[in-house]
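Read through the structure below, which is laid out as structure tokens, and then see the notes.
The values are calculated or read from the model by the stated rules, or taken from the named source; none is laboratory data. Computed from a predicted model, the values in this text were never measured in an experiment. All Cβ positions, glycine included, derive from the backbone under ideal geometry; neighbour counts span all protein chains shown. Each accessible area value is taken on the protein alone, full model and side chains, heavy atoms only, with ligands, DNA and RNA left out. Shrake-Rupley method; radii C 1.70, N 1.55, O 1.52, S 1.80 Å.
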Amino acid sequence: MANDKPNQPQDESRRRFLKYSGTALGGVVLGGVIGGLVGSNLKQTEKETAPEPGKSGTAPENKDYNQALMFFNQDQFLTAEAAAERLFPKDDLGPGAKELGVAFFIDHQMASAFGTNARDYMQPPYYKAEATQGYQLVFKRRELIALGLDAMNQYSNTKYQKPFVEIAPEEQDAVLTAFETDKTEIKDVPSSNFFAMFLNLTLEGAYADPLYGGNRNMAGWKMRNFPGNQMSYTDYIEKEEFVKLEPLSLHDHLELG
Amino acid sequence: MATKLPKVPVVIVGMGWVGGIIASELTKAGISVVGLERGKSRDTQDYYHVHDELRYASRYELMQDLSKETVSFRNTMKMRALPMRTYGSFLLGEGLGGAGVHWNGQYYRFLPYDFEIYSKTVERYGKKKIPENMTIRDWGITYEELEPYFVKYEQMAGISGETELPPNIGKMSKPFATGPMKKSPGMKLFEDAAKKLGYHPYVIPSANLSEPYKNPDGVERAPCQYCGYCERFGCEYGAKADPVVTVLPVAKQTGKLDLRMHSNVTQIIHDGKKATGVTYVHTPTGEEYTQPADIVILAGYLFTNVRLLLLSKLGKPYNPETDTGAVGRNYAYQVNGASTSAFYEDREFNLAMGAGALGSSIDDFNGDNFDHSDLKFLHGANIRFTQTGLRPIQYQPVPAGTPKWGAEFKKATIHNSNRVLSVAGQGASMPNRYHYLDLDPEYKDAFGQPLIRMTFDFEDQDRELVKFIAQKTKEIADQMGGTKTEIHDSIKQYNIVPYQSTHNTGGTIMGSDPKTSVVNNYLQMWDAENVFICGASNFPHNSGYNPTATVGALAYRTAEGVQKYLDKGGSLV
Ligand SMILES: Cc1cc2nc3c(=O)[nH]c(=O)nc-3n(C[C@H](O)[C@H](O)[C@H](O)COP(=O)(O)OP(=O)(O)OC[C@H]3O[C@@H](n4cnc5c(N)ncnc54)[C@H](O)[C@@H]3O)c2cc1C
Ligand code: SF4
């Protein structure tokens, strides 16, 4: 719940919203949403006085049971974590991919409908495509990511006699560059396809709502001064100066039963 | 065997903007309507947790499930078309309200020039100005004739905009329903720069409400909160005009709308002269039904509109080799790619904030508002600065030459995330004899029916347009007080991978010639008088604008045509 946080933007912005909407609540609201929002606003207010449900007796503080694997094996996870950290490293601006939980994000995504291309057209036949025609392989995202991570280790073992996680950062960069530019000479692995997808997943893991396992504590958003998801910017949209807001996540908008 | 249902006066295929408007107008007039929609029902409550970039913007939660049906694509007739396996260039609507739920709400009436593009081009520059294979034509309706229908849409949706508009766009008989959107600092910079250069900027007319509004049907809606999750998202406030919060509740309230969800239409039944109804599959049960009707209305967006005609063998398919037939002709798109980014080292903007239709634009280089005598292209682009809400996954601003990953990349994206304003052109797309839609010979949908096949590419016309418009965007951006600017001024082949816009047009075009157009100016089919087809599929070309204002006006026009036809029968022209 948002209510135990020092800043209560959600509830505030719902109130502000009602003020700005200025719509007569008794009037005909054929298509509008006002009824619904007022409803949830009232519920919210009731809850403010009610005791917090499910707050006591839960997990020990720093343990996140969501940080476990749905798809990767241990090696793949560690390789993904190390590779993502090179693509999006920790620096003086803030955490890198590892601290943000990006590898957990990628693991969870690979276990999801996205990893299995559930909403993509996957019917045969498959032909070689022009670049303008997009992805045309029967191979699924989760298969490509797992294959690519294994191949990075294989490449690293051959070239440096050590797995990817144990080589120096500059060497890791060299491996990544080889994959990015299809210079691995590992046959049977579409390296640059793998790399492009992995890079994309890394950025998603840094910046998606924390509910997906990455962007831990919204630290990705904080680095960019991205306010997450607020109810309303009506008060700020005309402002000349930059407005810094504590970000909110979808968790903050959930009414727990 | 399909179960045959009792006959009804009107059946509509698709419940997006077009289906919703027509259903609302007809049911208000006391006519019973069956609305068939292949997707699920939706309402505003579904969007309380919609501020999720990954789910809605990157994973396309609200769009058509491509595993069931997609489009196949090739650049030229020599290539083999392959299915669009995953989303890219455009995003298709599915479910109650269609793409109207997740649109931006940028609202532009097409220019008077658009409707008479052929005559006006020949009049000013001579026939020779039109390059070989460019199949521009007059629409069979003028701006003046369509004007009252624009007004209807604007009052229904509560379109927000300025009262004083530049002289280089179509005249309005009635001002917009609500005042303009608020102006962000970026919009002010753009407008000041444009004015300094002698251009005519105005706030983009918006279907995100600028103030509380009650429309003529009694629908009351709340104003936009500039929440920044608009394009690709549903609006949790009902502030964005969409069919679910405007026309559909009105139709439902009449008791005359029989709305059937999960109903995928697969066939128009006809005897060669008239339609007798449609066949559809109720997807949760797999049951097949035929719905007999006096009038069949296609409102399923252009891919469905064209595909159903071809699958049902209704109308004459277009043949690009012989340049004969009509169904599938004049597929066009939108020519984006001309833009200039202004970088600001000395200040930051609130770019996460915004609304789908927030921005300012000029039409000084749109339509025929400038002299094309010495230019190698026709038409032009609306040039704009928009502030739609920039989100961190899909927006990674870097100056040219920045590495694509690693420490430098991270620093640059974070540094620039609130420091770049972009001025961009939304270019018109001229039709070409070899750009068209037909049935794919190989690939099928989940019901075993052929996919629609698109053959489309960018031509010299488009590359020249982008080059020219890009210079204009730079001219403006250079005046906006940034530290430096970067221009983007070239496009190559059309590529289906990067998102460009969901402004696909043509295929069932309107016109005055029954041989080369599919519908007359009441959107009544030439080859079957009780079939009406409406949507951007009616556009013979696409303007330098978003399409829905003109789609909406045509939907009101269709509703009037249907009522006329019910009264009198026969061809309406
Ligand atoms: C991200 C995005 C942003 C946009 N922004 C703008 C904008 O700012 N301004 C603008 O002017 N336009 C914009 N558009 C375009 C706008 O959304 C469309 O022009 C408009 O929604 C078209 O309305 P329609 O009714 O023709 O089609 P749709 O809204 O697509 O509705 C068609 C409906 O038909 C249903 N259907 C299709 N086939 C069948 C079948 N066989 N059986 C049953 N039902 C079927 C579909 O499920 C769908 O619900 C945007 C589009 C997108 C995707
Ligand atoms: S920007 Fe405005 S219209 Fe768009 S979703 Fe947010 S509140 Fe609704």
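In this structure, the pairs whose alpha-carbon distance is over 23 Å, taken from B:K188/B:K472; A:K187/B:K410; B:K467/B:K492; A:K222/B:K410, are A:K187/B:K410.
Summarising the amide proton neighbourhood of B:H270: residues at separation of 5 or more, or on other chains, whose placed amide H is nearer than 5 Å comprise B:T276. Legend: mean number of C-beta atoms from other chains within 10 angstrom of residue C-beta atoms, peptide B:212-221, equals 5. Diffusion coefficient (Stokes-Einstein, Kirkwood radius over C-alpha pairs, 10 °C, 1.306 mPa s) for the stretch A:74-218: 101 µm²/s, rounded to a whole number. Per-residue ellipticity at 222 nm, computed for chain B from helices alone with -39500 (n - 2.57) per DSSP H run of at least four residues, works out to -6500 deg cm²/dmol. With viscosity 0.890 mPa s and temperature 25 °C, the Kirkwood radius over alpha carbon pairs of the protein assembly as shown converts through Stokes-Einstein to a diffusion coefficient of 88 µm²/s.
Residues in the stretch B:191-200 carry Karplus couplings, in order, of 5, 4, 5, 5, 5, 4, 8, x, 8, 10 Hz; the curve used is 6.51 cos²θ - 1.76 cosθ + 1.60 with θ = phi - 60°, and Gly or Pro positions show x.
For the peptide B:406-413, the mean number of other protein chain Cβ atoms found within 10 angstrom of a residue's Cβ is 6. Taking the longest Cα principal axis of chain B as reference, the axis of helix B:548-568 is set at about 20 degrees.
Is there a simple number for the mean count of other chain Cβ atoms within 10 Å of the Cβ of residues in B:39-50, and what is it?
Values: counts 0, 0, 0, 0, 3, 7, 6, 0, 2, 8, 7, 3.
Averaged over the peptide's residues, the number is 3.
Between B:K484 and A:K239, the distance separating the two model label sites (each 7 Å from Cα on the Cα→Cβ line) works out to 3.0 nm. All other residues whose Cβ lies under 10 angstrom from that of B:K28 are scored, Lys and Arg at +1 and Asp and Glu at -1, for a net of -1. Computed over protein heavy atoms with a 1.4 angstrom probe, the accessible surface ordering of B:K195, B:K171, B:K472, B:K183, largest first, is B:K171, B:K195, B:K183, B:K472. Backbone geometry of the stretch B:427-439 corresponds, through the Karplus equation with coefficients 6.51, -1.76 and 1.60 at θ = phi - 60°, to 3J(HN,Hα) couplings of x, 5, 10, 8, x, 9, 3, 9, 9, 7, 10, 8, 8 Hz, x marking Gly and Pro.
Count charges around B:T86 for me, please; just the other residues with Cβ under 12 Å from its Cβ, Lys/Arg as +1, Asp/Glu as -1. Don't skip to the end; give the middle numbers.
On the way: positive: A:R119, A:K140, A:R141, B:R59, B:R85; negative: A:D120, B:D65.
Once all neighbours under 12 Å are counted, the net charge is +3.
Over all orientations, the stretch B:295-337 has a Cα convex hull whose mean projected area works out to 4.3 square nanometres. Derived scalar couplings between HN and Hα for the stretch B:168-177 equal 8, 10, x, 6, 10, 7, 9, x, 4, 5 Hz in order, rounded to whole Hz, by the Karplus curve 6.51 cos²θ - 1.76 cosθ + 1.60 (θ = phi - 60°), x for Gly and Pro.
Would you kindly calculate the mean projected area, averaged across all directions, of the convex hull enclosing the Cα atoms of the stretch A:189-257, in square nanometres?
Details: hull surface 28.8 nm².
Computing the convex hull of the Cα atoms and averaging its projections yields 7.2 nm².
As an equivalent ellipsoid, the stretch B:3-568 spans semi-axes of 36, 27, 24 angstrom, where each value is the square root of five times an eigenvalue of the C-alpha gyration tensor, largest first. With a 1.4 Å probe rolled over the protein heavy atoms of all chains, the accessible area of B:S571, B:S89 falls in the order B:S571, B:S89, largest first.
Seen from a random direction on average, the alpha-carbon convex hull of the stretch B:122-219 projects onto 9.4 square nanometres.
Using every Cα-Cα pair within the stretch B:400-452, state what percent have a distance larger than 12 Å.
Values: 1090 of 1378 pairs.
So the pairs more than 12 Å apart make up 79 percent of the total in the stretch B:400-452.
Amide H contacts under 5 Å for B:L451: B:D440, B:Y443, B:K444, B:D445, restricted to partners 5 or more places along the chain or on a different chain, H placed in the peptide plane at 1.01 Å from N. Taking amide H positions as modeled 1.01 Å from N, with prolines and chain starts lacking one, the residues under 5 Å from B:G359 and 5 or more places away or on another chain are B:I204, B:Q387. Computed with every protein chain present, the accessible area of B:R391 is close to 30 Å² [probe 1.4 Å].
Under 25 °C and 0.890 mPa s, how fast does the stretch A:110-158 diffuse according to Stokes-Einstein, given a Kirkwood radius computed over C-alpha pairs? Answer in µm²/s, whole number.
Numbers: Rh = 12.5 Å.
Reported coefficient: 197 µm²/s.
When both the stretch A:85-104 and the stretch B:478-505 are represented by their alpha-carbon centers, they are found 30 Å apart. For the peptides B:114-127, B:331-344, the ranking by packing is B:331-344, B:114-127, with the highest mean count of neighbouring Cβ atoms within 10 Å listed first. Here B:K128 is the anchor, and the lysines within straight C-alpha reach of less than 16 Å, apart from those fewer than 8 places off in the same chain, are B:K120, B:K376. The alpha-carbon positions of the stretch B:450-573 define a convex hull whose volume is 155 Å³ per residue. Summing charges over all other residues whose Cβ lies under 12 Å from the Cβ of B:S160, with Lys and Arg as +1 and Asp and Glu as -1, gives 0.
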